[in-house]
Amino acid sequence: MATILTPEKVKSSLGLVATSRARLYLGLKVGLATAIFIVSLLVRLRAADYLPPDYDEDDYLYGGQLYARYIAAGDIAGIVNERFNYEHPPMIKLLYGAVLYFTQGSDSYNELVKIPVGDKLPDAPGIAQKIKPLRTFGATIGALTAGVVALYNPLAGILIGLNSWHIKYTSQVMLEAIPCLFAALTLLLLLRSKRSGDKWWWLSAIFFGLCTSSKFPYAAAGFAILIWMLWRDRKSWRKVLLWIGLALSVFYLADPALWLDPIGRLQAAVTFHANYATGSHVESSGFGWTQPVIWLLVAVPWLPQNHPETFPLLMDGLFTVFGLLAVWRMFKTNWQNRLIVLWFASNLIFLLFWPTKWPQYILALTVPVSLMASRWLTDTGVNLWRGWRTWRTTPKQSNRSWRAALVWLLPSLLLLTLIVAYPLLLQTALATTTFRIENLRDGAGALVAGFGRGLVGMPPDYLLNKPLIYTGTGAFFGIFMWDKFAAVLRFNILWTVVTMTLASGFGLWLASLLQRKGVLGRQFWRTLFILPWAIPEFVGALIWTTLFDDYNGGINNLLAIPPEARNSNSWLSASTPLIDLAGFVKPLANQLESWRLSPFAGILEFTAEGISFNKSFWVMVIVGVWVAFPFMLLVSTVALRAVSSEVVDAARVDGAQRWNMWRLIIWPLISPTILSGVLLRGVLLFNAFHIPLMLFNNTDQTGTTTLSLAGWAVIRYNNGYSVAAMINILIMTIVIGFIWIFNRRTHVVEGVQYV
């Protein structure tokens, strides 16, 4: 007998199918998150065995032992009144005490110990036995954070599981694992919330209270939460106040140290941190206000802690860059992504202003950075997949044409691989390993093999003449910590911008003059002006060096400077600014620093120092303009010749004045070509090292040293192949970034194709 399908039966069948699919999807997601948790746990347990003690582990072990005594004695008053390490909330140390009490017995906390900094755990078996359960506990919590984030975004969970900073500071007896987990839960619950006041919304307040009661700096994310809540729904301010009240209540209840005297003890903790942040210990570290950004852009940099046995992938800085690339796109999409961006921004701003710059603080940024990086990687992967699918679905005739063209393109592809891809691979391998001159005997194959072994987590090959240790992006820490790096980068950018602005303007002006009717000897003048382009640049720089010589140069002779006064009229060695703008703003910068506004003071002073140009700077500008303007003259001439005379005549008939004709008609027509020339010549000028080398031959003078010259000097004097490769990669990254920004503003790539 045939079954009659009614609308109710159809809906029921469809509902069962949807439910089964939802259960299957949920099961796959939970299974993947569990796998990520297990892998993250294994990585952290291995790190817990290998990492030597950190500076603060002895304090937190000691605090855990004290609380274990109180737990064993049932002394609640002791827990409430314990003031050791009172600047931090007692929650995590109390948990450490519970772990020691339940796993080790009285021997683990009756004998209070301090770990000598620098001692290795295998050399101190008694200490290793006491510290091991606490490290295991932290490693489990750290892996749980990766697993929880993986439930929302599996790729972000993988990035957290492999993050070297997260591995280090959750695999040691530190304070970061618990607040990082609670902060991640708070963020994910808010992302899960559909409206203000639902169960996920209120549950996030509980976890945020637990987060701030674990470590005070994590409260900085509260600014992002409040902005996001009120921005999304301005009418929900009453619920927001209740949310704040619930979070404060949980904060108070979870901090036993505040039970008897909440105001006084909280004030004492905050005062301690304020005094410590401005004390000699923090100042002696030498970390500037931008140090949190440096920590984000590198992996764990210290040797031998960062060997592959401890950290499987040292690419944290690269993933941070991916996350930053996704910021604007995420901010424009939906409310969930905006919360992630605001969370990242509020924590980063706090860390920039807070004087204490220890690296463990950036774990407050690990979760949002991983979510942003996963978004960029996902979008990039989807675009590549769509491009491949489009190529696969093209008509067969087009595919045949492509295969036929591939035969002719193959030699060019092989040449491109040989002269571009392979050198980039070698540069990457050099920059991410401890390559020295002794490794030259092992050849390029050993270099690539050492890079590959480190990338997949294998130990170095100790059969080589000198083993190559994989350092990942942590190797860039040395460049960022170079005290002259910021000054060299600033000079390199300013010199390129000022030189190209003057060279472009001068070249365009000469081309306009020579384009006018009735100019006598037009070809002669063009040939004369293009002649500097025919002279090798290093020869031209040598000629200018002779002209600007302090004692026998033609410039001082032309100015009739007496020989005894020429030392004070130095052109090539003068380091005193012509106008010391930094001296004018120094009192204001000092005042801002006294108000704990170091970022503003640093930016103000750094900018003033950058524009306090000296004679040496202008010498380099003159030589750079002399080198660059012939090319810009040629490009401008070609662009002006391409402008139709009919367009100009029509504009004149319509009454267009000279300035309006130039601004509204001629410049829009020639700008793609001019800006293309600026881009092409500017890249070459930014990478120049022979001009400052021939002019000054002084790599220690920051006002005349470019990044390329610094890279050459590292190889020349220190055999620092790895450092030079890092500088090369940094230069390439900066140039690509400038090209991207320049193209977004001017669409110059279209002009390059036109040229």
All but one of (1) under 27 Å from Asn85 (Cα atoms); (2) at pLDDT 95 or above hold for Leu187; which doesn't?
(1)
If I filter the range 525-535 for residues that are in contact (Cβ under 8 Å) with a residue 40 or more places away in the chain and under 30 Å from Gly288 (Cα atoms), do I get at least one hit?
no
One residue from Leu640, Leu633, Leu597 being more than 21 Å from Thr706 (Cβ to Cβ) and within 32 Å of the chain's Cα centre (by Cα)
Leu597
Matching residues in the range 248-276 (under 13 Å from Thr212 (Cβ atoms), among the hydrophobic types (A, V, I, L, M, F, W, C) and in a helix (DSSP H, G or I)) number 8
Which of the helices (runs of 4 or more DSSP H) found entirely inside the range 652-755 contain at least 3 residues meeting this: among the small types (Gly, Ala, Ser), in contact with a Ser or Thr (Cβ under 8 Å, 6 or more places away or on another chain) and touching a residue at least 24 places away in the same chain (Cβ under 8 Å)?
667-686
Any hit, the range 617-627, residues being under 19 Å from Ile493 (Cα atoms), of a type in the set (Phe, Trp, Tyr), surrounded by fewer than 23 Cβ atoms within 10 Å (Cβ to Cβ) and not assigned by TED's automatic domain parsing to the domain that holds Ile670
no
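Only one residue in Phe529, Phe600, Phe524, Phe606 is of a type in the set (A, V, I, L, M, F, W, C), touching a Pro at 6+ places or on another chain (Cβ under 9 Å) and assigned to a helix (DSSP H, G or I). Which one?
Just one listed residue meets the conditions, Phe529.
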All conditions in (1) touching a residue at least 12 places away in the same chain (Cβ under 8 Å); (2) closer than 27 Å to Leu581 by Cβ are true of Ile603 except (1)
Could you grab me the full set of residues in the range 191-221 that are among the small types (Gly, Ala, Ser), out of contact with any Phe, Trp or Tyr (no Cβ under 7 Å at 6 or more places or on another chain) and part of a helix (DSSP H, G or I)?
Ser204, Ala219
Return the residues of the range 164-177 that are surrounded by 24 or more Cβ atoms within 10 Å (Cβ to Cβ) and assigned to a helix (DSSP H, G or I); say none if nothing qualifies.
Ser164, His166, Ile167, Lys168, Tyr169, Thr170, Ala177
So how many residues does the range 34-56 have that are within 28 Å of the chain's Cα centre (by Cα) and either modelled with pLDDT under 90 or buried (at least 19 other Cβ atoms within 10 Å of the Cβ) (or both)?
15
For Pro262, are the conditions met, namely being over 27 Å from Ile603 (Cβ atoms) and touching a residue at least 60 places away in the same chain (Cβ under 8 Å)?
no
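The values are calculated or read from the model by the stated rules, or taken from the named source; none is laboratory data. Only a predicted model underlies this, so the values are computations on that prediction, with no experimental measurement involved. Using ideal geometry, Cβ is built from the backbone for each residue, glycine included, and neighbour counts are taken over all protein chains shown.
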